[in-house]
Each structure stands twice: as structure tokens, then as C-alpha cells.
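**Student:** Have a look at the structure that comes next, please.
The values are calculated or read from the model by the stated rules, or taken from the named source; none is laboratory data. Because the structure is a prediction, the values reported are computed rather than measured. For neighbour counting, all protein chains shown are included, and Cβ atoms are generated from backbone atoms with ideal geometry for every residue, glycine included.
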Amino acid sequence: MPTEEQGKRGRTRTVTWTDPAICMEEAGRMSGLDYMRAMKDGEVASPPICGLIDFKVTQVEPGLVVFEITPAEYHYNPFGAVHGGIASLVLDSAMACAVHSMLPKGIGYTSLEVKVNFIRPITIETGPLICEGRAIHVGKRTATAEAKLTDKEGKVYAHGLTTCMIFRP
């Protein structure tokens, strides 16, 4: 049972999401590029993680996917900055989706490894951040991609690299 003081300091946030099975079914019916464009345009549901963390796709081109996130209090760690896992999650999503945008219908993938470099702390005062993911190489079985997390002026807060495994028949 929370104390009276904890109750005064408490916050509430409600999150709603679409059944992830629906997202997976929609993704399997179209190419990666078409799926990512449909997600950006709101024609298909975003995966639940987008609602939980509150980030969205804002641009999609072949080999390029851009997300936007605005740092919020609920992203904070105990030291008054956005938890590094939030930056890692958005970088991983942008990189993996950039790879996805290059895949034909029915071909899946997963991240094999992700490397992230944190450059500077992220706080509410940072303002909206843009995460631009670019595919570097998409082969038969593996793909690589990179991403940068920047503010509106282009200042880099984190960047990363990934290797993805591609599931081809």
C-alpha cells in the first residue's frame, strides 16, 4: 500500500495497443516497404511498443526509416535523465525497420546484435528527437544498418549499428 507521500508524488499513464497478432498478420501480407509506409500513414496498427514508449514513424523510403520521440518524465531513470534503454530501443527499431523496408513480402528478420554509443544525456528539455535508420547492406541471410538519434538542430545524442538475420525460405 503506498504511503500518503508516495500517492502525492505518483503519476498515472494509460496505454492502449492493438493485438500484436494483428500487426504480425498485416506485416506478412505486404512487402516491408509497403508495410512501413502503411504504418506511417496509419493504415495498419503500430506495434504495441510504439504506444508504450510513445514514438512513431515519420518517414519511410527504401532503406530509410525515421522515427520521432519526445522525451517524457516516464522515460526517466533514477538520475533524472532518459534511460539509455529508451535510446537503444528507438535506435534498434529504426535500424531494423530500415532493413525491413528492403525486404519482399513474406520475408522476416530479427536483430542479431546491436551496438549503441551514448553521446550526451537526454532530458525533457532536449525536446523532440529524430532517429534516422539506414540500411547499409541487405544480403541473403544477413543485413546491417546504422542509426543516429538527433535533436531538431542535428545534435547527436546517440548512434548505433546492427546486424540482422534474414529468414528466407
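**Student:** Taking Ala27 as the residue in question, decide whether it is buried (at least 20 other Cβ atoms within 10 Å of the Cβ), under 17 Å from the mean Cα position of the chain (by Cα), farther than 18 Å from Ile122 by Cβ and at pLDDT below 95.
**Tutor:** It is true that Ala27 is buried (at least 20 other Cβ atoms within 10 Å of the Cβ), under 17 Å from the mean Cα position of the chain (by Cα), farther than 18 Å from Ile122 by Cβ and at pLDDT below 95.
**Student:** Quick check on my filter: what residues within segment 125-169 are crowded, with 21+ Cβ neighbours inside 10 Å, closer than 15 Å to Thr58 by Cα and in contact with a helix residue (DSSP H, G or I) (Cβ under 6 Å, 6 or more places away or on another chain)?
**Tutor:** Once the filter is applied, which keeps residues that are crowded, with 21+ Cβ neighbours inside 10 Å, closer than 15 Å to Thr58 by Cα and in contact with a helix residue (DSSP H, G or I) (Cβ under 6 Å, 6 or more places away or on another chain), segment 125-169 yields Cys131, Gly133, Ala147, Leu149.
**Student:** Which condition does Tyr35 not pass, out of (1) assigned to a helix (DSSP H, G or I); (2) surrounded by fewer than 16 Cβ atoms within 10 Å (Cβ to Cβ); (3) among the aromatic types (Phe, Trp, Tyr), if it passes all the others?
**Tutor:** Of the numbered conditions (1) assigned to a helix (DSSP H, G or I); (2) surrounded by fewer than 16 Cβ atoms within 10 Å (Cβ to Cβ); (3) among the aromatic types (Phe, Trp, Tyr), the odd one out for Tyr35 is (2).
**Student:** Tally time: how many residues in segment 115-127 are closer than 22 Å to Ala96 by Cα, of a type outside the set (S, T, N, Q) and over 14 Å from the mean Cα position of the chain (by Cα)?
**Tutor:** Summing the residues that are closer than 22 Å to Ala96 by Cα, of a type outside the set (S, T, N, Q) and over 14 Å from the mean Cα position of the chain (by Cα) in segment 115-127 gives 3.
**Student:** Hey, among Leu91, Leu64, Leu129, which residue is in contact (Cβ under 8 Å) with a residue 60 or more places away in the chain, of a type outside the set (Gly, Ala, Ser) and more than 24 Å from Met24 (Cβ to Cβ)?
**Tutor:** Matching residue, one of Leu91, Leu64, Leu129: Leu129.
**Student:** Can you tell me which residue within segment 90-130, out of those that are assigned to a loop (DSSP other than H, G, I, E, B) and farther than 25 Å from Asp151 by Cβ, is modelled with the lowest pLDDT?
**Tutor:** Among residues in segment 90-130 that are assigned to a loop (DSSP other than H, G, I, E, B) and farther than 25 Å from Asp151 by Cβ, the one modelled with the lowest pLDDT is Gly106.
**Student:** Among the residues of segment 43-63, count how many are buried (at least 19 other Cβ atoms within 10 Å of the Cβ) and part of a strand (DSSP E or B).
**Tutor:** Qualifying residue count, segment 43-63: 3.
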